[in-house]
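Taking it in order: structure first as structure tokens, then the write-up.
We did not get these values from a lab; they are worked out from the coordinates using the rules stated. Since we're looking at a predicted model, the values are computed, not measured. For neighbour counting, all protein chains shown are included, and Cβ atoms are generated from backbone atoms with ideal geometry for every residue, glycine included.
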Amino acid sequence: MTPSYLRRDAGIRDRWMISYMDVLTILLIFFVAIAAQVRLHPAQKSAAAPVPAALPVPAAAPPADARHTLVEIRKKLEQHGLDMQMEPRGLVISLPQAILFSSGEDRVSPQGLPVIAGIAEVLRDVPNDVTLIGHADAVPIHNRHFLNNWDLATARSLKMLELMSRRYGVPESRLSIASYGTYRPAGPNDTPDGRARNRRVEVVIAQ
């Protein structure tokens, strides 16, 4: 007959062996699952449908009624013999310095006032926003009024805004100004004709 203390030791050893085997079984299942997942992952990637590249969204065309309004504005302004172009930004009227200003000045000359009055008369009756953009040639300027061509081009567009709103009644809420200085030339700056084309104020009537 086996002593009781030996039977107790055998029972403890058997329980320890059972726990050890359980741990080994769990670890084996864990590693098998990891290996299976690693093998399946490339197959899943290759089976996935390719994602098409996003196509650029084309710019929306202006509404037909907005385009029609610009066409009507152009017809009304043609009687003034203005240089006008229909562009994506709107109807662009280019007013050269020779019509509006003396050289190096921002005060509109008397012969330029009827031109501005004719444009303002048409603009008063339409809802379109209007931007007045000053441009200059590349010849440096520095006098007691203006430090550079940026100052001159900005001052000229501001003077146009003041005339259109205060004297000719175009609402200020629809007017804005900008200045590109010498950086948006209409012609070459190495010829007199090119520089004359660059000295201008653009009236941009938006869509």
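What to note about this one:
One line per residue, one yes/no per condition, for (1) of a type in the set (Val, Ile, Thr); (2) within 31 Å of the chain's Cα centre (by Cα); (3) farther than 17 Å from residue 206 by Cβ:
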| site | (1), (2), (3) |
| --- | --- |
| 66 | no, yes, no |
| 74 | no, yes, no |
| 77 | no, yes, no |
| 84 | no, yes, no |
| 109 | no, no, yes |
| 123 | no, yes, no |
| 126 | yes, yes, no |
| 143 | no, no, yes |
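- Taking the criterion of being part of a helix (DSSP H, G or I) and closer than 14 Å to residue 202 by Cβ, the residues of the stretch 86-107 that qualify are 97, 99, 100.
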